[in-house]
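Report on the following structure.
Laboratory data are not the source of any read-out in this text; all were calculated from the coordinates shown. Treat the numbers as computed from the prediction; the structure is a model and nothing was measured. When we count neighbours, we look across all protein chains shown, and the Cβ atoms used for this are built from the backbone with ideal geometry, even at glycine.
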Amino acid sequence: MDLPESPDELLKMLFEIFPDYRKEYELRGPFHDYTPSFHSVLLGFRPFFGTYSETFSERQVDCFRKLINQALSQPGPLENAFDTCFLEALDKRTRRKLLRGPKNVRK
């Protein structure tokens with residue numbers, strides 16, 4: 001899996017992994033009116049994840065896990081956004097459950 005190089009690519013990847021998120025995004029729009037950043041894309045995605053995470057298929061969770069672990073393995077804006085705008089907001093149990101897998105980078 002190639003990492004997204006822009007916030008728009010990250011959003012597209014989230015839509016591909018979670019098709020229902022596209023529908024919700026189209027209804028409510030972006031997190032804010034400024035130019036999107038990795039941080040704003042993940043801040044906008046976080047409520048959807050929190051609401052529906054128990055309904056995701058194993059394939060969806062696995063794809064998302066791979067994206068997160070790959071992003072966390074490469075320092076930069078995407079890694080920082082996942083760390084500060086997504087993972088820090090999850091409770092410890094959810095974070096462990098999400099990141100558990102064969103390519104686990106962080107616990």
Gain in span if fully extended, ARG100 to PHE15, counting 0.36 nm per residue against the direct Cα distance: 28.4 nm
Contact order relative to length of the chain, as percent, for alpha carbon pairs under 8 angstrom and 6 or more apart: 26
Magnitude of the charge dipole, the stretch 7-99, Cβ model with Lys/Arg +1 and Asp/Glu -1, debye to 20: 360
Inter-site label distance for ASN80 and PHE48 at 7 Å from Cα along Cβ, in nm: 2.4
The chain - Rg over Rh from alpha carbon coordinates, Kirkwood radius: 0.92
Cross-link reach list, aspartates and glutamates versus LYS23, counting only Cα pairs under 20 Å and skipping chain neighbours closer than eight places: ASP8, GLU9, ASP33, GLU54
